[in-house]
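Structure, as structure tokens:
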Amino acid sequence: MIATPEKKVIEQRICGTTETRKVALISILLLLISTSYLYSTVNEYSHFNISFNKQFSIYHQTNLRHKEDPDEKITRIIDYKTFDSFIDAVQYYAVNNTIVVASFDITYVSMALNLFLTSFRKFNIKNHLFVASDHLGCAELLSHDAHCIQYMNMSISKSPSYFYETDYNIKACIKPKIVLDCLKAGFDVLLVDVDIIFLKNPLPFISNYSDCDFVTQTDPLSKEENSGFYLVKASSSGMKLFTKIVEMINGTSRGDQDYVNDALHELEESIKIQCLSPEICQLGKMFFNKGRRAFAGDNPCINCIIVHNNYIVSLEAKIYRFKEYGMWSVDIGGYYSDKTRKYIKYGNPIDFGAREEFGCSNTMEEVSLKTALIIGHILNRTVIMPRFHCGKKIHICHFGFRFSVRSFELHLPVLETYRENVFLEHPLVPESTKKSVSEMFVFDSPIWQTLTRNDKNQTTNVKVMKTEQYNISDSDIKRWFGSETSQVLQFYSLYNEIFCEDSELSHFYDTLNDAIQASNPMQFRQDDI
């Protein structure tokens, strides 16, 4: 049994004495030097065979309130712990001989943080341990009081990988090796992919299968067991299963799910397996697409325990889908909480279908999107995405159903450019932002004239901005809205195009043409559909 480590607590009042600040700064410097040394001594792993160094460090940095003066912040560094091995860390955090493990690299750090905020912290799951492939990934999680340890260092960990690419398979195949290490030390393991969110605490539910060696999420679409959420017992059968999986991994270079299923089929007579109901532990295609859940609050799943955000291509699209369904809590860079940022909000009130008079919905709504982004660029405002029309089968959908999220974010800075449609409903958005909304504007156009004739009730209380022959320029935008103080500038619709007088704005328009690419709900490129 490992004793509780000695805790060295250093408190620094922001308005404290010079000596107090010196102690804190020196301690932080020593911590950074130690972390840097740790990073430099870890071996470089670019193949499947893995060995480990003997030093693993964990530290926390938290912002607290001073007991005597609640308005005075304190920076405190606590629990700077060096483990002799990875298993020492597992033993330190395990509860009831069970450790909840989530593996990730630096490219997935925001997704890992979201798992912690929405699931581990929400349900007080203290026996979690994030396992990182580099020290930078751990640093962000540790700053939020998550448990994290660097397991190894991989040269490919700093680059994003996509489903079933070679690098993706290499990264994924680290998971069974981590699990086997824990099993050999006698610990049961609940492995959780970082693109999962808990709607309920799964631990009490899974404990009902205490007599099983392997409890897993199943995939009714591929007829396989999913390798992103499973509990494996440190029984002789559980050990045998993962020893077999790791032996298979060392031979070829497929994804870990292939090896898990191959080993299960080979050893099925000697292993007691429980497949969790796909109605309770849902995959992304089942929950979001077939369940018709695009926006926060759509068709709540009362019986769901977990949602696995898979069956979608690219990390960017996974994050956006979580955001639109209200499953995202990461506020890096003040994404939600910024009190000074200004926004543009607009709607797509008309389902054009395939009307020849103005053009189909796809065409008109792409025009509107570009117009909104150009206005945002001119006024230095961030665009809140509208809802889109996606045909009879889905009807109303979000940006990720129609356009490639990855292409969009490769060309445009996320923090400055756009937000999800349900952004203003998020609890982290300041109330001052939610309440600071302008009057409703619209640009005069043939579409607007038709709309007012057909539905006068909806078009009242809308201020119409007019120009000759409906031509709107960037100078018009600056003249009309440049001094608008409301944090949310709202438009009824934006079916007009903007005439760019500024050459820089013309260049931005070219960037938009590259960024806005057609896709589908699973985010395949248009060429692949």
Notebook entry, point to check: So what does log10 I(q)/I(0) come out to for segment 366-411 at q = 0.21, 0.24, 0.27 Å⁻¹, using the Debye formula with one equal point on every Cα and no solvent?
Noted result: -0.80, -0.96, -1.09
Check: Given H placed on each backbone N at 1.01 Å, which residues far from R419 in sequence or on other chains put an amide H within less than 5 Å of it?
Finding: V383, I384, M385
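Calculated FRET efficiency, E268 and H144, Cβ-Cβ r, R0 41 Å, to nearest 0.05?
On the way: r = 41 Å, r/R0 = 0.99.
Efficiency, from the Cβ-Cβ distance: 0.50.
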Next item on the list: Enter the accessible area of R387 (Å², nearest 10), with the probe set to 1.4 Å and all protein chains included.
Entry: 90 Å²
Next item on the list: Rounded to whole Å and sorted largest first, list the principal axis extents of the Cα atoms in segment 203-351.
Entry: 59, 33, 32
Item checked: Diffusion constant of segment 297-374 at 4 °C, which comes from Stokes-Einstein with the Kirkwood Cα-pair radius and 1.567 mPa s, µm²/s -> 80 µm²/s
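Taking 2.2 N^0.38 Å as the expected size of a compact globular protein, what ratio does the Cα radius of gyration of segment 87-144 give against it, to two decimals?
On the way: Rg = 11.1 Å, N = 58, 2.2 N^0.38 = 10.3 Å.
Dividing the Cα Rg of segment 87-144 by 2.2 N^0.38 Å gives 1.08.
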Next item on the list: Between T485 and L221, take the C-beta separation as r, use R0 = 45 Å, and let me know the FRET efficiency to the nearest 0.05.
Entry: 0.35
Notebook entry, point to check: Tell me, what is the Rg over Rh of segment 391-451, with Rh the Kirkwood radius over Cα pairs?
Noted result: 1.05
Item checked: Cα-projected label distance for N513 with E468, points at 7 Å along beta-carbon direction, nm -> 2.8 nm
Check: Under 5 Å between amide H atoms, partner at least 5 residues away or on a different chain: which partners does N226 have, H built in plane at 1.01 Å?
Finding: Q217, T218, D219
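How high is the FRET efficiency between E431 and S277 when r is their beta carbon distance and R₀ equals 60 Å, given to the nearest 0.05? Walk me through the numbers on the way to the answer.
Numbers: r = 40 Å, r/R0 = 0.67.
Computed FRET efficiency for E431 and S277 comes out at 0.90.
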Notebook entry, point to check: Cα extents of segment 471-510 along the three principal axes, largest first, in whole Å?
Noted result: 28, 21, 17
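Would you kindly work out the equivalent ellipsoid of segment 213-258 from its C-alpha gyration tensor and give its semi-axes, the square roots of five times the eigenvalues, largest first in whole Å?
Over the Cα atoms of segment 213-258, the ellipsoid semi-axes are 18, 17, 7 Å.
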Check: Once phi is turned into θ = phi - 60°, what whole-Hz ³J(HN,Hα) does the Karplus curve with 6.51, -1.76 and 1.60 give for every residue of segment 437-452, x standing for Gly and Pro?
Finding: 10, 6, 5, 7, 10, 7, 8, 5, 6, x, 5, 5, 4, 5, 5, 5
Note to self: Leaving out ligands and nucleic acids, and using a 1.4 Å probe, what accessible area per residue does segment 421-517 come to in Å²?
What the structure shows: 55 Å²
Notebook entry, point to check: Please identify the GluC sites (Glu not before Pro) of segment 314-392 that satisfy two criteria: DSSP loop assignment and at most 11 other Cβ atoms within 10 Å. Which are they?
Noted result: E356, E357
Next item on the list: Under 1.5 on a/c is rounded, so check that first for segment 416-516, then, if it is not, pick prolate when a/b is larger than b/c and oblate when it is not; a ≥ b ≥ c are the square roots of the alpha carbon gyration tensor eigenvalues.
Entry: oblate
Margin query: Per-residue counts of other Cβ atoms within 10 Å, averaged by peptide: what ranking do you get for 202-211, 282-291, 483-492, 128-137, highest first?
Written below: 128-137, 282-291, 483-492, 202-211
Next item on the list: Working with all protein chains in place, sort M385, M239 by solvent-accessible area computed with a 1.4 Å probe, largest first.
Entry: M239, M385
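Once you have the Cα-Cα distance between K122 and S253, take 0.36 nm times their residue separation minus that, and quote the gain in nm to one decimal. Spell out each step's value before the answer.
Details: separation 131, 0.36 × 131 = 47.16 nm, distance 3.66 nm.
Extra length available between K122 and S253 comes to 43.5 nm.
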Next item on the list: With viscosity set to 1.567 mPa s and temperature to 4 °C, compute the Stokes-Einstein D of segment 316-447, Rh being the Kirkwood radius across alpha carbon pairs; µm²/s, no decimals.
Entry: 82 µm²/s
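Please list 169-175, 93-99 highest first by mean number of surrounding beta-carbon atoms within 10 Å per residue. Working shown, then result.
Values: 169-175: 22.6, 93-99: 16.6.
Ranked by mean Cβ neighbours within 10 Å, highest first: 169-175, 93-99.
What whole-number value in cubic angstrom gives the convex hull volume per residue for the C-alpha atoms of segment 174-275? Please report the intermediate quantities before stating the final value.
Details: hull volume 10.9 nm³, N = 102.
Considering the Cα atoms of segment 174-275, their hull volume per residue is 106 Å³.
The values are calculated or read from the model by the stated rules, or taken from the named source; none is laboratory data. Quick caveat, the model's predicted, so the values are computed rather than measured. Cβ: placed from backbone, ideal geometry, glycine included. Neighbour counts: every protein chain shown. Surface areas here come from the heavy atoms of the whole protein model, side chains and all, with no ligands, DNA or RNA. Shrake-Rupley method; radii C 1.70, N 1.55, O 1.52, S 1.80 Å.
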